[in-house]
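Peer 1: Let me give you the structure first, and then I'll get to my questions.
The values are calculated or read from the model by the stated rules, or taken from the named source; none is laboratory data. All of these numbers come straight from a predicted model, not from anything done at the bench. Every residue, glycine among them, receives a Cβ derived from its backbone with ideal geometry; neighbour counts consider all protein chains shown. Surface accessibility is based on the protein's heavy atoms, side chains included, excluding ligands, DNA and RNA. Shrake-Rupley method; radii C 1.70, N 1.55, O 1.52, S 1.80 Å.
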Amino acid sequence: MSRLSTRNEIDLQPETLDALAPVRVNNKLADVYLQFAGSEEALRAYLHMEQSIREGSLSTREVEAVKLWMSQQTGCHYCLSVHTFKASKASLSVAEQLAIRQSEPIGDERMDCLISLAAALFTKPGKLADQLLERARQTGFIDQNLVDLTLVMSTVFFTNITNHINDSQSALPPAPPL
């Protein structure tokens, strides 16, 4: 059971309802959005950031790999469930998903570098190591990709930790155990 109140759609501000339009499935919202609406400003900021990710320079496959990796690191079972489902839709095999969750290479140089970047940014305080930035440049990452990566990490971290407060439960199957 959620620990944040579930708001009624009818009580939400028009700008919040507009921002929620892209995440409706069959004209229905997942309860988690109505629970995050305890702060409509934060929910709208998150939804606008997600829109920027969709319009950004990283592929859906890359975005879902990062979100899956981050969700594993934070132990967010809700997000692990959601991003396992989305990763499958983005053509990441079960074996690739398991490897990504364990920070193991999948044999795709760009994807392996992307996860290494995320791991370094998330787990090592301070400046990104020059050699990792150089590896990213050699793998074809441009400035836009790097900034978009930090945006992806920021949005999934927001949902991960907010789900920890909420104890959100996913209707999707749980992610396979490692």
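Peer 1: Could you give every pair whose Cβ atoms fall below 6 Å, whose first residue belongs to segment 142-159 and is closer than 14 Å to Ser52 by Cα, and whose second residue is part of a helix (DSSP H, G or I) and at pLDDT below 95, counting only separations of at least 6 or pairs across chains?
Peer 2: That search, which allows pairs on different chains as well, returns nothing.
Peer 1: Give just the number: which of (1) open to solvent by 10 Å² or more (accessible area, probe 1.4 Å); (2) modelled with pLDDT of 95 or more; (3) not basic (Lys, Arg) does Val25 not satisfy?
Peer 2: (2)
This table checks each residue for (1) small (Gly, Ala, Ser); (2) over 15 Å from Thr159 (Cα atoms); (3) within 11 Å of the chain's Cα centre (by Cα).
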{"residue": "Ser52", "(1), (2), (3)": "yes, yes, no"}
{"residue": "Ser59", "(1), (2), (3)": "yes, yes, no"}
{"residue": "Glu64", "(1), (2), (3)": "no, no, yes"}
{"residue": "Cys79", "(1), (2), (3)": "no, no, yes"}
{"residue": "Val82", "(1), (2), (3)": "no, no, yes"}
{"residue": "Ala87", "(1), (2), (3)": "yes, yes, yes"}
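Peer 1: What's the number of the only condition in (1) in a helix (DSSP H, G or I); (2) touching a residue at least 24 places away in the same chain (Cβ under 8 Å); (3) open to solvent by 40 Å² or more (accessible area, probe 1.4 Å) that Ser88 fails to meet?
Peer 2: Going through the list (1) in a helix (DSSP H, G or I); (2) touching a residue at least 24 places away in the same chain (Cβ under 8 Å); (3) open to solvent by 40 Å² or more (accessible area, probe 1.4 Å), Ser88 breaks only (2).
Peer 1: Restricting to segment 4-22, count the residues that are among the β-branched types (Val, Ile, Thr) and surrounded by fewer than 16 Cβ atoms within 10 Å (Cβ to Cβ).
Peer 2: So the answer is 2.
Peer 1: So, in segment 52-67, of the ones that are surrounded by 14 or more Cβ atoms within 10 Å (Cβ to Cβ) and among the basic types (Lys, Arg), which residue ends up farthest from Tyr33 (Cα to Cα)?
Peer 2: Among those that are surrounded by 14 or more Cβ atoms within 10 Å (Cβ to Cβ) and among the basic types (Lys, Arg), it is Arg61.
Peer 1: Going residue by residue through segment 24-32, is there one that turns out to be assigned to a helix (DSSP H, G or I) and closer than 15 Å to Ser170 by Cβ?
Peer 2: Yes - at least one qualifying residue is present in segment 24-32.
Peer 1: Now for a separate question. Only one of Met1, Met70, Met49 is at pLDDT below 95 and either surrounded by 15 or more Cβ atoms within 10 Å (Cβ to Cβ) or not β-branched (Val, Ile, Thr) (or both); which?
Peer 2: Met1
Peer 1: If the Cβ limit is 8 Å and pairs must be 6+ apart or interchain, which residue in segment 162-178 that is farther than 11 Å from Cys76 by Cβ pairs with which residue that is of a type in the set (A, V, I, L, M) and assigned to a helix (DSSP H, G or I)?
Peer 2: If the second residue must be of a type in the set (A, V, I, L, M) and assigned to a helix (DSSP H, G or I), the pairs left are Leu172/Val82; Pro174/Leu80; Pro176/Val94; Pro176/Leu98; Leu178/Leu98.
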